[in-house]
Amino acid sequence: MTADADHPKLIEASALAGVIDDVLLVHVAQADHYAAAHIDGARLVTPAKLVCGIPPASGRLPEQAQIEMMLSRIGYQPDAEIVVYDDEGGGWAGRMAWTLDVIGHERWTYLNGGLHAWHAEGLPLVAGPDGASAGNPVQVRISQEPIAEIEDVLQAIDSPDAVIWDVRSREEYEGLRSGSARAGHIPGAINTDWLLLQDHANATRLIGNLAQFMAAHGVTPDKQVITHCQSHHRSGLSYMAARLLGFPRVRAYHGSWSEWGNRDDLPVQT
């Protein structure tokens, strides 16, 4: 898989080690996980800072002020090259990447495999809490382009130009279990469990045949792609995968199934 200047990049741990002083490194994880092990110099962003936290659709984009406070704390600069990673194989890193796209910051890179890949290469980790504090005030503009709302998903259901990509488990997709009042899936949505995008024999890096795998399931760059999961956490990885492959029209339905499945006026298929 390759990338160019027209879309975000993928970087391997060994390559990142050589340029680490030139980037803003962001580790997305719970604070205790970060304190146990992180790459030296990485700034912590906890998942709670990336979501609104308001049920039932607690994974929706937070208020602009919350985003700006998070960016201030990590020392954000509009011209920074930002490298994102997590300790779970890309879900939260992808959510951070989506957030950067939402504010129009496209100079981001994903550390392939995140903390697992870094450790597998024998590269050093450090322990201890995040000592960062609020920096200079940050002001951003919110772009709607990477965001899909209910109306966008409804239009995509019957559109031959669009694909709805559900990356929950097969059991959730088929309605055998649900984290919402209703079970099932959005009509016409295709399903691939987000874990299938990770190579667990290769330190949770993205699978080597990512483009072919996605194409085999109908997710191709000629389509408008709307991806979701239960709360737009797992679909952070699928969104990021499509962006890394240069898909020109990819959005995340940030309400996801926690919103759709708790509405009784929206169509559901099982």
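Here are a few things to note about the model shown:
- Residues of the stretch 231-270 satisfying the condition of being in contact with a His (Cβ under 7 Å, 6 or more places away or on another chain) and either modelled with pLDDT under 95 or not hydrophobic (A, V, I, L, M, F, W, C) (or both): His232, Ser235, Arg243, Gly246, Tyr253, His254, Ser256, Gln269
- Residue identified as at pLDDT 95 or above, touching a Gly at 6+ places or on another chain (Cβ under 7 Å) and in a loop (DSSP other than H, G, I, E, B) among Gly104, Gly175, Gly122: Gly175
- Residue ID - farthest from His116 (Cα to Cα), chosen from residues in the stretch 84-104 that are buried (at least 24 other Cβ atoms within 10 Å of the Cβ) and β-branched (Val, Ile, Thr): Thr99
- Test: residue in the stretch 219-239 that is over 25 Å from Ala183 (Cα atoms) and among the aliphatic types (A, V, I, L, M): no
- Test: residue in the stretch 3-25 that is surrounded by fewer than 22 Cβ atoms within 10 Å (Cβ to Cβ) and in contact with a His (Cβ under 6 Å, 6 or more places away or on another chain): no
- Flag for Val225 being of a type in the set (Val, Ile, Thr), touching a Lys or Arg at 6+ places or on another chain (Cβ under 7 Å) and modelled with pLDDT of 95 or more: yes
- The single condition among (1) of a type in the set (S, T, N, Q); (2) touching a His at 6+ places or on another chain (Cβ under 9 Å); (3) in contact (Cβ under 8 Å) with a residue 60 or more places away in the chain that Asn191 does not satisfy is (3).
- Scanning the stretch 192-229 for residues being within 15 Å of the chain's Cα centre (by Cα) and assigned to a strand (DSSP E or B) gives a total of 7.
The values are calculated or read from the model by the stated rules, or taken from the named source; none is laboratory data. Quick caveat, the model's predicted, so the values are computed rather than measured. Because the Cβ atoms are built from the backbone with ideal geometry, glycine has one as well, and the counts that use them run over all protein chains shown.
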